[in-house]
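Visitor: Just dropping this structure here.
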Amino acid sequence: MACSVTIVAHDIGPVRGMERQLSELVVGLQRLGHRVTVIARTCELPASADGVVFHRVRGPRRPFLVAYPWFIVAGSLALHRWRRGVVQATGAIVLNRLDVIAVHYCHQVGAATPSRATPMFRAHVKLAGALKRFGERVCFRINRAAAFVCVSEGVADELREHYPALSDRVLTIHNGIDTSSFAPGVRHDEAEALRSALGISAQRLVAAFVASEWERKGLAAAIEALALAPDWDLVVAGGGDEQRYRALAERLGVGEAVHWLGVTRDVQPVYELADAFVLPTSYESFSLVSFEAAANGLPVLVTPVNGVRELIEDRRNGFLIDRDPRTIAERLRELGADPALRRRLGQAARRSALAFDSEKMVAGYHELYSRLAGTLGR
């Protein structure tokens, strides 16, 4: 049953994991006949989603200590004015009564790591984390009767542990990926052009690292591993303290083997030019990029964090690693020496990723909204 749905989020668009997931959800819901209203700071959707009603919440995006409470107030007022049908918020970002809270991150567990080393920036990150945890507790307490939709079983377990009163309201709808767009060979010419632009010869093996928040995601470990696996180059897509990590690569003698793309709106050519994907991250709620890399048929080398544990089985469709550069380098050398192993792991990763297609995610929300709309008379 299609119904009216209001989705509240900070931002929706093609860059960053959560924003892309919301874009997929909105487009998919509209395709199923739902009447979708979006309340957000920014909303960038494909042209096919021209029927979505968008109400902009004007306000700052930075610094977080200003932007977060600003949106709580402005977003709450906007939702009070424009809400219709089943209402979902993406995390603890408004103080209204909600029907669904999509939990992409449990802030009582996942600690943010500063991307810069200055004392002021580290203090800002620490205060921001405390504010997120406080806002989460308040919002969740107000909405004890809501459905709490977690993006992985790991996040659902964290929520049940830290908010036991909500346990019977917690469910999991996995994030989804477009397995048609994220697939081997769909953008081959662009991938080859990117390889040429980066000056990477056809003989070199390439590991892809796609992430921001580089300290938490383990970029230093990936660069240090490169120094122990000389047959490999590393392509880095994402934002962070590039000067600091360039200096690390230079000190280790691999400066020319690390290629910096910055934040990119289109990561598919990055996956396509790669022979493996590396992410020695310390914490994830789902690790969307690991699923995208798997969908592209890449051997995935990633730590066993939330989401990944539901995708990767060690040595069957990838490698579960730790943050020790020696372990990462050993796996890269193993892959480099055995093209058949790369193919076998990559093909198995692709088959596993197909179970997490975005259409399955949209169908899960469609079923939930239809049930809630019937219960609430909307």
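Visitor: Name the single residue, out of those in region 213-243 being modelled with pLDDT of 95 or more and more than 18 Å from LEU301 (Cβ to Cβ), that is surrounded by the most Cβ atoms within 10 Å (Cβ to Cβ).
Guide: GLU242
Visitor: How many residues, within region 274-297, are outside any helix (DSSP H, G or I) and either buried (at least 24 other Cβ atoms within 10 Å of the Cβ) or not acidic (Asp, Glu) (or both)?
Guide: The number of residues fulfilling the criteria is 15.
Visitor: Pairs only if they're at least six apart or on different chains, beta carbon under 7 angstrom, first in region 339-357 and more than 13 Å from VAL300 (Cα to Cα), second of a type outside the set (A, V, I, L, M) and outside any helix (DSSP H, G or I); list them, first residue then second.
Guide: LEU354/THR179; PHE356/HIS174; PHE356/GLY176; ASP357/GLY176; ASP357/THR179
Visitor: Among the residues of region 317-333, are any in contact (Cβ under 8 Å) with a residue 60 or more places away in the chain, basic (Lys, Arg), surrounded by 15 or more Cβ atoms within 10 Å (Cβ to Cβ) and in a helix (DSSP H, G or I)?
Guide: Looking through region 317-333, at least one residue is in contact (Cβ under 8 Å) with a residue 60 or more places away in the chain, basic (Lys, Arg), surrounded by 15 or more Cβ atoms within 10 Å (Cβ to Cβ) and in a helix (DSSP H, G or I).
Visitor: Looking at (1) more than 20 Å from the chain's Cα centre (by Cα); (2) of a type in the set (A, V, I, L, M); (3) closer than 30 Å to GLY346 by Cα, can you tell me which one VAL151 breaks?
Guide: All conditions are met except number (1).
Visitor: Are there any pairs, at least 6 apart or on different chains, whose C-beta atoms fall under 8 Å, with the first in region 1-17 and assigned by TED's automatic domain parsing to the domain that holds GLU292 and the second in a strand (DSSP E or B) and at pLDDT below 90, and if so, which?
Guide: Sorted first by the residue in region 1-17, then by its partner, the list stays empty.
Visitor: For region 123-135, enumerate the residues that are modelled with pLDDT under 85 and loosely packed, with under 13 Cβ neighbours inside 10 Å.
Guide: Selection gives ALA123 alone.
Visitor: Out of region 1-58, which residues are assigned to a loop (DSSP other than H, G, I, E, B) and of a type in the set (A, V, I, L, M, F, W, C)?
Guide: MET1, ALA2, CYS3, ALA9, VAL15, LEU32, LEU45, VAL52, VAL57
Visitor: Out of the residues in region 339-370 meeting the condition of being surrounded by fewer than 19 Cβ atoms within 10 Å (Cβ to Cβ) and among the polar types (S, T, N, Q), tell me which one is nearest to HIS174 (Cα to Cα).
Guide: Among them, the one singled out is SER370.
Visitor: Which one of these is among the β-branched types (Val, Ile, Thr), farther than 26 Å from TYR163 by Cα and assigned by TED's automatic domain parsing to the domain that holds ALA146: VAL36, VAL87, VAL103?
Guide: When all the criteria are applied, what remains is VAL36.
Visitor: Do we have GLN30 as closer than 22 Å to VAL151 by Cβ, in contact (Cβ under 8 Å) with a residue 24 or more places away in the chain and of a type in the set (S, T, N, Q) here?
Guide: So GLN30 does not fit the description; no.
The values are calculated or read from the model by the stated rules, or taken from the named source; none is laboratory data. Predicted, not measured: the structure shown is a model, and the values here were computed from it. For neighbour counting, all protein chains shown are included, and Cβ atoms are generated from backbone atoms with ideal geometry for every residue, glycine included.
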